Amino acid sequence: MAATVGRPDLVEIIVGGALENGELTPAQLEEAALHLATYTGWCKATATHEGIGRAIAAHRARTPAQDPAPAPPVHDAAPTPPTQEEATA
């Protein structure tokens, strides 16, 4: 609805909620703005894209960067067999 009236401020609020709840990704939201251009016209779609861009930037500023999981340790040598003492203990 906010996209049809050309209100980027309203779009920003709505999109911010979708990002916070994990309902849509930034890529999906940008794609939706392009899709809406056919129905709302380029001027309103541009305003919608502006609101989406602001919401994405605000979300990224609030959300800490996700560091990739640390890689498991690499062992260069095969495990050594137990010693005689370890085997009998």
Quiz item: Does the range 40-64 hold any residues that are buried (at least 18 other Cβ atoms within 10 Å of the Cβ) and of a type in the set (A, V, I, L, M, F, W, C), and which are they?
Solution: 45, 47, 52, 55, 56
Quiz item: Within the range 1-39, can you find the residues that are open to solvent by 30 Å² or more (accessible area, probe 1.4 Å) and either of a type in the set (Ser, Thr, Tyr) or outside any helix (DSSP H, G or I) (or both)?
Solution: 1, 4, 7, 21, 22, 23, 24, 25, 38, 39
Quiz item: For the range 65-88, does any single residue satisfy the condition of being part of a helix (DSSP H, G or I), among the acidic types (Asp, Glu) and either open to solvent by 40 Å² or more (accessible area, probe 1.4 Å) or at pLDDT 90 or above (or both)?
Solution: yes
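The values are calculated or read from the model by the stated rules, or taken from the named source; none is laboratory data. All values reported here derive from a predicted model rather than from experimental measurement. Reconstructed Cβ throughout: ideal geometry from the backbone, glycine too, with neighbour counts over all protein chains shown. Surface accessibility is based on the protein's heavy atoms, side chains included, excluding ligands, DNA and RNA. Shrake-Rupley method; radii C 1.70, N 1.55, O 1.52, S 1.80 Å.
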